[in-house]
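> Got a structure for you, questions after.
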Amino acid sequence: MTRDARYDVLFEPVTIGPKVAKNRFYQVPHCNGMGYRDVSAGAEMRRVKAEGGWGVVCTEQIEVHPTSDITPYVELRLWHDDDIPALARIADKIHEGGALAGAELAHNGANSPNLYSRMPPIGPAHMPVITFTPEQQQARRAGKKDIADLRRWHRDAAIRAKRAGYDIVYVYAAHGLGFIHYFLSREYNDRNDEYGGSLENRCRILREVLEDTKDAVGADCAIACRVSMDELRGKAGFEREEMEEIISLVAEIPDLWDVTISGWHNDSRTSRFAEEGHEEPYIANVKKLTTKPVVGVGRYTSPDRMVSLVQKGVLDFIGAARPSIADPFLPKKIEEGRLEDIRECIGCNICVSGDITSSPIKCTQNPAMGEEWRRGWHPERHRAAGSDKSVLVVGAGPAGLEATQTLGKRGYSVILAEAGTELGGRVVRESKLPGLSAWIRVRDWREQQIRQMTNVEIYFDSALDADSILEFGFPRVAFATGSRWRDDGVGRGSRAPMEVTDGGRVVGVEALLRGELPSRDEVKSVVVWDSDHYYMGGVLAELLAEAGFSVTYVTSETSASVWMRNTLEHAFVQASLLNKGVEIRAGLSLVSLAGGAVKFACVYTGREHVLEADALVPVTMRLPEDAVYRALLERRGEWADKGVEDVVVIGDAFAPGTIAHAVHAGRLYGEDMDAAPLSEGELPFRMERAALTSA
Ligand code: ADP
Ligand code: SF4
């Protein structure tokens with residue numbers, strides 16, 4: 001197949017200073033929780049993106065100096081010449097894949113607590129360090145020498161990036177992160193020297209660092225400048241007009257403008273809180289301010305939308321972080337006219353959670369993300385089948401679907417049996433909840449892949465039991481039968497079922513997921529008790545509030561859905577609940593339900609609080625749906641006669657977790673089928689190990 005001519009414009013080469021990108025697909029810098037600790041894994045992840053057709057592939061943030069240390073987050077470092085080999089490995093891998101390599105140099109300034117280096121942070125003014133936690137080392141006001149040092153450090157890092165083989169070197173002034181951003185800011189920069197006051201003065205450090213970088217490496221490398229057009233804080237922060245003025249002051253110095261919005265939570269908004277292309281109003285004018293090419297993002301997965309952005313003169317490059325994570329082969333698929341094969345990002349930010357938890361990146365849609373090097377997984381290629389033994393997959397949720405599509409692509413004969421009448425399992429139910437409609441893409445992509453396979457058969461209305469499975473006699477059986485929410489209050493912090501007396505009414509999560517809301521005649525007020533702390537408690541509170549119930553959301557934590565700090569959604573969740581009239585009560589732990597009285601205890605003092613409500617929704621934990629699996633294990637003695645050899649349980653039916661966990665479990669099952677068993681003590685994945693220096 002060849003591409004549709006209307007997408008030709010996306011494959012035009014674009015000049016960036018001394019370099020030429022082969023097309024308009026630009027993987028903008030994105031963090032991944034691997035950084036300096038997992039260099040080989042990061043390098044292979046970037047190589048796969050380049051192989052997938054991106055014209056430019058960038059690194060994540062690279063700290064230019066130990067005063068720019070954002071420990072505990074694991075980014076890249078170019079503190080010293082000894083760091084060049086690690087960075088060179090990444091550049092080499094990007095080149096091997098056929099893309100230009102971009103290095104996002106950053107001095108994190110007042111954003112870096114320097115927990116590793118223990119050097120005092122530096123800012124435009126004396127100010128608290130601004131990071132995800134309230135660190136207690138303040139940033140000190142930079143003097144003239146500090147500014148000179150900073151310029152030298154950045155310049156040295158640019159030379160190192162060039163030596164490491166990078167084509168594009170960044171000056172990073174975006175996302176409310178870093179030295180330069182705070183100097184640009186009216187809010188933080190209260191200086192009265194030539195670096196403060198007027199816009200021209202606040203912009204001086206940006207101009208100087210851009211000129212230094214250009215002078216140091218500009219003959220060989222393109223210089224990119226990354227800024228945020230708006231902080232979405234009204235007059236309190238940057239607004240578009242001011243940033244447009246700043247760009248105008250230095251418009252022609254860099255070779256490329258990379259434009260975003262700030263902070264990171266606004267830039268990487270989830271699908272629950274922003275549509276594809278939500279940044280367009282903020283970046284639409286930038287091309288009028290400069291003759292240099294412009295790249296911007298917006299979770300773009302539709303090629304028609306991409307073409308229109310270029311044709312309207314909004315962007316020269318289609319920037320992508322998440323769409324390139326969910327589908328590293330997005331450009332190739334457009335080029336080859338395979339649009340239906342594009343694995344569209346669902347906008348859940350599980351990828352971001354890797355960086356925030358300092359663990360390797362993972363993706364709900366692309367289980368190979370982060371596993372390219374350590375497990376040798378590829379987002380598009382699979383090993384050929386290791387035998388001709390057929391496989392029965394029981395359950396068509398994300399785990400069963402991913403196992404089926406992986407096995408199908410490997411060439412195995414697969415029967416997928418589903419108790420219900422449609423594919424998707426939990427994804428079908430959850431995508432009907434407020435704000436989660438894009439999550440159905442997890443099902444849609446897999447269904448689209450599986451439907452094309454002649455070696456896969458799907459049976460609906462097939463709630464299998466041990467008898468029927470033994471009757472079929474498939475050599476391999478995988479149970480992907482999912483999980484169910486408990487409704488007895490057992491979960492985090494509460495190992496005994498709650499006491500329910502006097503006809504207290506419990507509405508279970510499962511009932512709500514089936515769309516069974518309580519009768520409005522009988523129930524007016526509801527307490528949602530959340531000890532799960534991810535999205536379910538919050539979205540069910542929203543669902544009930546939207547349906548007209550009076551809702552109180554109670555958590556033992558300090559605020560609603562605390563785990564969602566890891567997906568950058570936490571503040572949006574609070575606002576959304578409050579805007580929908582949900583009352584949030586924090587720091588309380590469920591004790592009992594007696595008639596219309598829900599008793600809680602303060603987690604700090606133990607003092608009792610009673611909330612009046614007609615019903616209680618406990619959102620606590622799930623239990624595996626593995627009864628049929630266990631029944632089959634009981635009958636192991638009958639397997640051989642029936643031709644059954646291997647029976648496993650995967651996904652939520654094994655250990656309930658995120659959808660990303662279930663998809664990963666499906667891939668692992670499919671991938672490991674007929675693999676050589678691990679030898680004693682062998683790890684199931686590779687690890688980067690530091691070479692010890694001489695003692
Ligand atoms: P996971 O997240 O692990 O993929 P889900 O809960 O999304 O799990 O999906 C489990 C699927 O398994 C559901 O669609 C459910 O209907 C199906 N299922 C459960 N038990 C059986 C069974 N005994 N036979 C066939 N399908 C089953
Ligand atoms: Fe998109 Fe979610 Fe994958 Fe991130 S984890 S790339 S948001 S699907």
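Laboratory data are not the source of any read-out in this text; all were calculated from the coordinates shown. Fair warning: this is a prediction, and the values are worked out from it, not measured in the lab. Neighbour counts are summed over all protein chains in view; Cβ atoms, including those assigned to glycine, are modelled from backbone coordinates with ideal geometry.
> Return a whole-number percent for the relative contact order of region 5-356, with Cα pairs under 8 Å and 6 or more residues apart as the contact set.
After rounding, I find 17 percent.
> In terms of the Cα gyration tensor, with a ≥ b ≥ c the square roots of its eigenvalues, is region 340-410 rounded because a/c is under 1.5, prolate because a/b exceeds b/c, or oblate?
prolate
> Roughly what would the spin-label model give for VAL648 and ASP502, points 7 Å off Cα along C-beta, in nm?
Simple spin-label model gives 5.2 nm for this pair.
> Please identify every one of the trypsin sites (Lys or Arg not before Pro) in region 1-58 that sits in a loop by DSSP and has no more than 11 other beta carbons within 10 Å of its own beta carbon.
none
> Moving on to the next point. Please report the net charge: other residues with Cβ closer than 11 Å to the Cβ of ARG47, K and R +1, D and E -1.
That works out to -1.
> Set the Förster distance to 41 Å, then compute FRET efficiency between ALA675 and ARG6 from the Cβ-Cβ distance, nearest 0.05.
For R0 = 41 Å, the calculated efficiency reads 0.40.
> Students often get this wrong, so check it: of LYS19/LYS93; LYS19/LYS288; LYS214/LYS288; LYS144/LYS287, which have C-alpha atoms separated by over 25 Å?
LYS144/LYS287
> I've got another one for you. Please report the antiparallel percentage of the DSSP beta bridges confined to the chain, to the nearest 5.
Of all bridge pairs located within the chain, approximately 20 percent are antiparallel.
> Quick one: if you stick a label point 7 Å off each Cα along the C-beta vector at ASN201 and GLU634, how many nm between them?
8.1
> Among SER679, SER112, SER308, rank each residue by its count of other Cβ atoms within 10 Å, from fewest to most, as a rough exposure measure.
Listing SER679, SER112, SER308 from fewest to most nearby Cβ atoms yields SER679, SER308, SER112.
> Still on this structure, please answer the following. With all distinct Cα pairs included, what does the Kirkwood hydrodynamic radius of the chain come out to in Å, to one decimal, could you say?
27.1
> Can you tell me the length gained on complete extension of the stretch SER550 to ARG381, counting 0.36 nm per residue apart and subtracting the Cα distance?
Length gained between SER550 and ARG381: 55.8 nm.
> Got a sec? How would TRP529, TRP373 order by Cβ neighbour count within 10 Å, fewest to most?
TRP373, TRP529
> Straight-line reach from LYS524: which aspartates and glutamates have Cα under 17 Å away, leaving out those fewer than 8 places along the same chain?
Correct list for LYS524: GLU516, GLU542, GLU546, GLU583, GLU612, ASP614.
> Continuing with the same structure: Counting helices only, and only those DSSP H runs with n ≥ 4, report the 222 nm mean residue ellipticity of the chain as the sum of -39,500 (n - 2.57) divided by its residues, in deg cm²/dmol to the nearest 500.
-8500 deg cm²/dmol, from helical runs alone.
> Sticking with this one: Based on Cβ point charges of +1 for Lys and Arg and -1 for Asp and Glu, what charge dipole magnitude is obtained for the chain about its Cα centre, in debye rounded to the nearest 20?
Charge dipole, the chain, about its Cα centre: 1100 debye, nearest 20.
> Just rank TYR36, TYR282, fewest to most, by other beta-carbon atoms within 10 angstrom.
The order, fewest Cβ neighbours first, is TYR36, TYR282.
> Cα convex hull of region 137-278: mean projected area in nm², to one decimal?
9.9
> Could you compute the net charge surrounding VAL500? Neighbours are other residues with a C-beta less than 12 Å from the C-beta of VAL500; K and R count +1, D and E count -1.
Around VAL500, the surrounding residues sum to -2.
> Let me ask you something else. So, counting K/R as plus one and D/E as minus one, what does the shell of residues with Cβ under 12 Å around ASP267 add up to?
So the environment of ASP267 carries a net charge of 0.
> Shifting gears a bit: For region 221-264, what does the alpha-carbon gyration tensor say about shape, rounded, prolate or oblate, given a ≥ b ≥ c as the root eigenvalues, a/c under 1.5 as rounded, and a/b over b/c as prolate?
Here region 221-264 falls in the oblate category.
> Right, here's the next one. Report the gain in length on full extension from ALA463 to THR357: 0.36 nm times residue separation, minus Cα-Cα distance, nm rounded to one decimal.
Full-extension gain reported as 34.3 nm.
> Quick one: angle between helix 240-249 and the longest Cα principal axis of the chain, in degrees between 0 and 90, rounded to 10, please.
Helix 240-249 and the main axis of the chain meet at about 40 degrees.
> So, in nm, how far is label ASP149 from label ASP388 when the simple model puts each one 7 Å beyond its Cα toward the Cβ?
7.1
> Over all directions, average the projected area of the Cα convex hull of region 489-623 and note it in nm².
About 7.8 nm², averaged over all directions.
> Between GLU583 and PHE685, take the C-beta separation as r, use R0 = 60 Å, and let me know the FRET efficiency to the nearest 0.05.
0.85
> Roughly speaking, what is the stretch gain from ARG495 to GLU340, that is 0.36 nm per residue apart minus the C-alpha to C-alpha distance, in nm to one decimal?
51.1 nm
> How would you classify region 321-463 from its alpha-carbon gyration tensor, with a ≥ b ≥ c the square roots of the eigenvalues: rounded for a/c under 1.5, else prolate if a/b is greater than b/c, otherwise oblate?
Cα axes put region 321-463 in the oblate bin.
> Among DSSP bridges having both ends in region 489-623, what percentage is antiparallel? Round to the nearest 5.
Percentage antiparallel, nearest 5: 40.
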